[in-house]
Amino acid sequence: MDYEGPLIKNGKRVDGRAFDDLRQISIKAHVINEADGSAYIKWGNNKILVGVYGPKECLPKHIADPHKAVVRARYNMAPFAGKEGHGRSGPSRRSIEISKVVSDTFQNVILAEQFPRTMIEIFIDVLQSDGGTRCAAVTAASVALADAGIPMKDMVSAVAGGIIEDTLVLDLNYIEDSQGNADLAMAFTHRNKDVLLLQMEGDLPIDKFKELLKMGMDSTEYLYKIQKEALEEGYKNKPTESVVLDL
Amino acid sequence: MNDEIKLPGDVLYDKPVQMPYGYIENGKTYTTVLGIKRKRLIPLKGPYDPKPGDLIIGVVSDVRFSGYNIFVNMPYDVSISSRGIRFDLDYNDIITAKISHVDEVKNITIDDVRRLRKGIVIKVPPVKVPRILGRNNSMISLIKDKTGCDIVVGNNGLVWISFHGNVELAVESIGKVVKEAHIPGLTNRMEQYLNKKKVN
């Protein structure tokens, strides 16, 4: 069902948020036993599971780099995940693109030189989607990587921004995303606010763009706090286990 | 207790300090892994970082014409030549070895290869190995004493336990050490736990 009606009513958005409010976010670290690191994020109605494996043998061998580890992300949306054409399993143009940008995001923060010839894999599975899944996925993947003990320069968090009815807003949901005028996905490191991911769609004048980027940067503190809580909680409640090898 | 959990990117020192799990930027030292700050940064998790001189445990994963491939809990198996050792190995045989050299792409060469008797191998996080050994090997001798097992702990996160003795208790107690590694007073707690189990 398509939403019909104003995107902004009485200074509030369709779901009652203020313009720079993020949706309710909660992250759980260390949710998959077999993975080296994992995280589960609930970002509004988005539900995403991230598993990290590695450093491990680089396959296919021809992509191995003798100088550093290759970071490979695989974004996949479950067939039951969302509205319309998004929920088709298997690689699509969209999921290949998101896999690539997430890989590049983390290739820049992971200290990959410490693990030459290896591969670090990030598996992102969207179980339920409601707009802004790539940003939620990056935020959760950062937690999963930290949970795996993979050395990184910094934590990464991401948020989307956009314009709806000529107003700048943060964290668009599906309705705002599909009916708004512009959409900007951004990922930052926590400490230096380095921009690791920046994707724009729609009409966004340069001054509005700068303002939106600033709004995105300001939200990293909030996201970092949630990530930190998740990692502390994950460590206390689910300590690492030893495994008997099957010989 | 000043157990402060550090996340990647947290400030560790306001001056540049060369240290494991540290990252220096603009004259400051930052954490790179999830860890607890005590005298140094103790990582909570992470892959094995091979160093020359480390004692490792391996499992034969392939027998070739002129040598063997050994699984050592690292991204790549290590191959050894059968000319370097004086005995034959079989698939799934367990060995210990010393790392003699680590090159710039983390290829390792091993020597001093010895075969271990049949036993079980458990996989533990490599960052917990110092805790399993204890100060001056106190923890591992305690477990060996109380269970009657022979135990060899490899720096690579593989632990071999011989079949004679109370194997189940040995596996359990190593699991307990791994689980509670970050809680102080571990040796005393383990001693009580093992004494209680031994009576039953």
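No value in this document is a laboratory result; all are computed from the given coordinates. Small disclaimer: the values here were computed from a predicted structure and weren't measured. For neighbour counting, all protein chains shown are included, and Cβ atoms are generated from backbone atoms with ideal geometry for every residue, glycine included.
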*asked:* Starting from the 7 Å offset along Cα-to-Cβ, what nm value, one decimal, do you get for the label separation of A:Glu113 and A:Asn45?
replied: 4.6
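Could you rank the peptides A:163-174, A:96-107 by their average count of other C-beta atoms within 10 Å per residue, with the highest value first? Walk me through the intermediate numbers first.
On the way: A:163-174: 20.3, A:96-107: 18.8.
Ranking, from highest mean packing down: A:163-174, A:96-107.
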*Compute the long axis of helix A:206-218 from its Cα atoms, compare it with the longest principal axis of the Cα atoms of chain A, and write down the angle in degrees, 0 to 90, nearest 10.*
50
*Within 10 Å of each Cβ in peptide A:234-242, how many partner chain Cβ atoms are there on average? Round it to a whole number, please.*
6
*So what are the ³J(HN,Hα) numbers for segment A:55-66, from phi and the Karplus equation (6.51, -1.76, 1.60; θ = phi - 60°), rounded to whole Hz, Gly and Pro as x?*
x, 9, 3, 7, 10, x, 4, 5, 8, 5, 10, x
_Helix A:133-147 vs. chain A, principal-axis angle (Cα, 0 to 90°, nearest 10)_ = 30
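What do the square roots of 5 times the Cα gyration tensor eigenvalues come to for the protein assembly as shown, in whole Å, largest first, as semi-axes of the equivalent ellipsoid?
On the way: eigenvalues 420, 111, 83 Å².
Working through the eigenvalues yields semi-axes of 46, 24, 20 Å.
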_Distance cut-off 31 Å, Cα to Cα: go down the list A:Lys68/B:Lys176; A:Lys225/B:Lys123; A:Lys47/B:Lys6; B:Lys118/B:Lys176; A:Lys28/B:Lys176 and report the pairs above it._
A:Lys68/B:Lys176; A:Lys225/B:Lys123
*Do me a favour and compute the ellipsoid semi-axes for segment B:119-199 from its Cα gyration tensor, root of five times each eigenvalue, largest one first, whole Å.*
17, 16, 10
_Amide H contacts under 5 Å for B:Ile36, placed H, 5+ residues apart_ = B:Lys6, B:Ile42, B:Leu44
*Quick one: angle between helix A:93-107 and the longest Cα principal axis of chain A, in degrees between 0 and 90, rounded to 10, please.*
60
*Over the alpha carbons of chain B, what is the largest minus smallest coordinate on each principal axis, giving the biggest first in Å?*
55, 51, 22
*Between A:Leu245 and residues 5 or more places away or on another chain, which pairs have amide H atoms under 5 Å apart, with H built 1.01 Å from N, and which residues are they?*
B:Val121, B:Ile122, B:Lys123
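I need to check one value: relative contact order of chain A, counting alpha carbon pairs closer than 8 Å and at least 6 residues apart, in percent.
On the way: 516 pairs, mean separation 51.4, N = 247.
Once divided by the residue count of chain A, the mean separation gives 21 percent.
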_Taking θ = phi - 60°, what integer Hz values does the Karplus form 6.51 cos²θ - 1.76 cosθ + 1.60 yield along segment B:14-30, in sequence order, with x for Gly and Pro?_
8, 10, x, 10, 6, 7, x, 6, x, 9, 9, 8, 6, x, 10, 10, 10
*How far is it, in nm, from the label point at A:Ile206 to the one at B:Asn26 when both lie 7 Å from their Cα along the line to the Cβ?*
2.6
*Name the residues whose placed amide hydrogens come within less than 5 Å of the amide hydrogen of A:Val71, ignoring near sequence neighbours (fewer than 5 apart) on the same chain.*
A:Ile120
*Across segment A:44-54, in residue order, what do the Karplus-derived ³J(HN,Hα) couplings come to in whole Hz, using 6.51 cos²θ - 1.76 cosθ + 1.60 with θ = phi - 60° and x for Gly and Pro?*
x, 8, 6, 10, 9, 10, 10, x, 10, 10, x
